[in-house]
Amino acid sequence: MKKLLFLLPLIILAACTRDRKGNRGDAEFNGFEGRFVEALWKVYPAWANSVGYHRYDSVLVVPDVKDRNRQLDFCDAYLDTLKTFDQKSLNENSLIDYRLIENQLRSAKWYIDEFKQYEWDPSLYNVGDAFALLLTENYAPLEQRLRSFNLKLNNVTAYYQAAKRNIAKPTQEHTDLAIDQNNGVIDIFGKSLEDSIAKSKLSDTEKAQLRSKAIVAVKAIKDYVSFLQNTVKPKIKKEGARDFRIGKDLFGKKFNYDLQSSYTADQIYQKALKRKDELHGQMAKLAGQLWPKYFGNRKMPEDRLKLIRTVLDTLASVHANRDSFQSTVEHQLPELISFIQKKDIIYIDPAKPLRVRQTPDYMDGVAVASINAPGPYDKNANTYYNVGSLKRYTAQQAESFLREYNKYTLQIIDIHEAIPGHYTQLVYSNRSQSLIKSIFGSGSMVEGWAVYTERMMLEEGYGNNDPALWLMYYKWHLRSVCNTLLDYGLHVNKMSEKDAMHLLVDEAFQEETEAKGKYKRATLSQVQLCSYFTGFTEIYDLRQEIKTKQGANFNLKAFHEKFLSYGSAPVKYIRELMLADMK
Ligand code: ZN
Ligand code: ZN
């Protein structure tokens with residue numbers, strides 16, 4: 001049932017189109033896109049906030065049935081409007097946007113109607129990020145941000161009350177996560193807020209109001225945590241929890257909505273299985289080749305996995321030290337650029353240099369290196385290449401970290417994160433100027449590209465075909481492959497924890513702690529871990545397809561630049577347009 005309120009704008013839109021004959025072109029579609037995005041942010045203020053759109057910062061949406069209906073109405077209304085555009089009248093760019101919008105709307109409906117995460121994932125309910133952003137992001141004067149904070153506090157109690165009503169049969173894993181994370185955000189309303197209040201020029205009345213509302217918010221969060229601990233957990237103990245494994249049907253559908261791939265989840269899983277076996281074969285061959293160099297006449301282990309592990313362990317000892325870590329990463333970048341230029345791989349815009357910096361404290365300790373990219377509303381801001389500082393590590397932890405990110409692996413990471421991986425892709429993507437593609441960009445295209453460039457660079461001869469670099473690359477690549485095997489294995493094939501650990505530790509040569517972390521992540525998420533290998537496979541296959549078609553006319557640089565010219569669209573659509581363009 002639609003409410004009158006949401007029918008109104010639709011009728012007006014429909015009336016505008018009626019007196020026009022034939023197709024509505026791109027200009028009209030672009031106008032529609034603008035209105036759509038504005039409306040989207042109104043329905044999803046938290047999402048708006050996270051991409052740097054700050055008009056609805058003071059709004060905290062109560063996640064109740066009324067809100068879900070409002071989302072459904074929004075999706076239905078815009079799906080109807082979309083149908084009034086003739087896809088044939090749109091140019092390539094608009095056509096991709098059209099499909100991205102359509103997928104987003106259908107996907108949002110599916111999440112509510114079928115996936116129903118709001119019933120079984122208590123960790124969905126967490127006000128931390130929404131409030132923390134107002135204190136940490138310096139997009140407006142502090143006083144203005146604190147006034148938004150003040151207004152936003154009004155709904156915290158209702159927010160958690162709705163959360164409690166939504167939870168039907170939760171999983172054990174998401175319940176534990178919710179307890180941990182909600183406990184972790186209380187500080188935002190204590191010390192962090194107090195520090196900001198102290199620095200601000202708010203009136204004493206405003207300050208007092210903020211403080212007293214913050215006390216109410218903390219009470220609501222603590223009440224939610226104690227509900228999970230004292231009501232939900234005992235109930236789980238008595239009646240059993242929902243399995244974190246979502247099963248074949250939901251996994252397959254989520255895969256289609258989230259990744260928008262031309263392959264199904266089953267096809268990607270089969271490809272990953274095959275790839276793992278091929279990689280083990282190639283790795284054993286390289287390890288055998290390297291053996292005499294490092295072990296002389298010592299007898300080679302007969303088991304191929306043992307042989308590979310022994311050689312990998314030895315190669316890991318070639319690494320930077322704690323103080324030279326960042327400069328090692330930094331020095332590699334110009335070498336990558338000059339190799340790319342020499343081999344004519346892709347154009348690198350010299351006007352957009354990448355700034356390398358130490359990972360800021362608040363995000364340190366999560367990743368070895370990462371790209372900090374400006375959001376769609378802030379395109380001209382600097383892009384940073386954050387490199388982990390190792391500050392928090394003991395000598396022993398630092399050694400283990402440096403072995404993991406040894407001389408060989410670091411080169412692969414620089415390719416993946418920076419050039420020609422994520423950073424280069426981002427520069428091209430920002431040129432495509434489509435807000436829709438930034439907002440609904442395909443994670444699997446973005447990750448797939450970075451994973452693709454690792455292999456492409458080595459194939460082009462980066463590192464002079466050093467077998468040690470290839471072997472370490474294969475280990476790294478095996479990680480993407482096993483992410484898929486783990487994700488699909490757990491959720492669809494009901495793989496046990498023991499088998500999961502065997503896959504990661506024995507077959508993918510990961511450290512025990514890393515493998516445990518990965519297993520935990522796989523119990524809490526679904527499909528995301530498949531995105532790396534899926535995107536990689538699609539891009540690699542597309543390149544093969546075009547190579548075959550073009551024969552001697554194939555040009556790697558032209559392929560790369562054309563491929564990246566469509567923004568961060570799903571590979572499936574890029575493929576369609578590239579093939580059509582060749583005709
Ligand atoms: Zn060492
Ligand atoms: Zn990546």
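Annotation note: of K164, K191, K222, the sole residue that is closer than 24 Å to I112 by Cβ and charged (D, E, K, R) is K164. Restricting attention to the stretch 395-452 and to residues that are in contact with a His (Cβ under 8 Å, 6 or more places away or on another chain) and either assigned to a loop (DSSP other than H, G, I, E, B) or more than 16 Å from ligand 2 (Cβ to nearest atom) (or both), the residue that is nearest to H331 (Cα to Cα) turns out to be K407. In this structure, does R392 turn out to be more than 25 Å from the chain's Cα centre (by Cα) and more than 28 Å from M457 (Cα to Cα)? Considered against the rule, which asks whether it is more than 25 Å from the chain's Cα centre (by Cα) and more than 28 Å from M457 (Cα to Cα), R392 comes out as yes.
Having 2 or more residues that are more than 33 Å from the chain's Cα centre (by Cα) and of a type in the set (A, V, I, L, M) is the bar; report the helices (runs of 4 or more DSSP H) wholly within the stretch 175-248 that clear it.
Those helices (runs of 4 or more DSSP H) span 191-199, 204-227.
Residues of the stretch 114-132 that are buried (at least 19 other Cβ atoms within 10 Å of the Cβ) and of a type in the set (A, V, I, L, M): V127, A130. Screening Q510 on (1) outside any helix (DSSP H, G or I); (2) of a type outside the set (D, E, K, R); (3) modelled with pLDDT of 95 or more shows it passes everything except condition (3). Check L503, L458 and return the single one that is free of Cβ contacts under 8 Å to residues at least 60 places away in the same chain, within 26 Å of D344 (Cβ to Cβ) and more than 16 Å from ligand 2 (Cβ to nearest atom). Criteria check complete, one pass: L458.
So which of M472, M456 ends up being assigned to a helix (DSSP H, G or I), within 16 Å of ligand 1 (Cβ to nearest atom) and not aromatic (F, W, Y)? Break it down stepwise before answering.
Details: M456 fails: within 16 Å of ligand 1 (Cβ to nearest atom).
From the options M472, M456, the qualifying one is M472.
The values are calculated or read from the model by the stated rules, or taken from the named source; none is laboratory data. Computed from a prediction, not measured in an experiment: that's the story for all the values here. For neighbour counting, all protein chains shown are included, and Cβ atoms are generated from backbone atoms with ideal geometry for every residue, glycine included.
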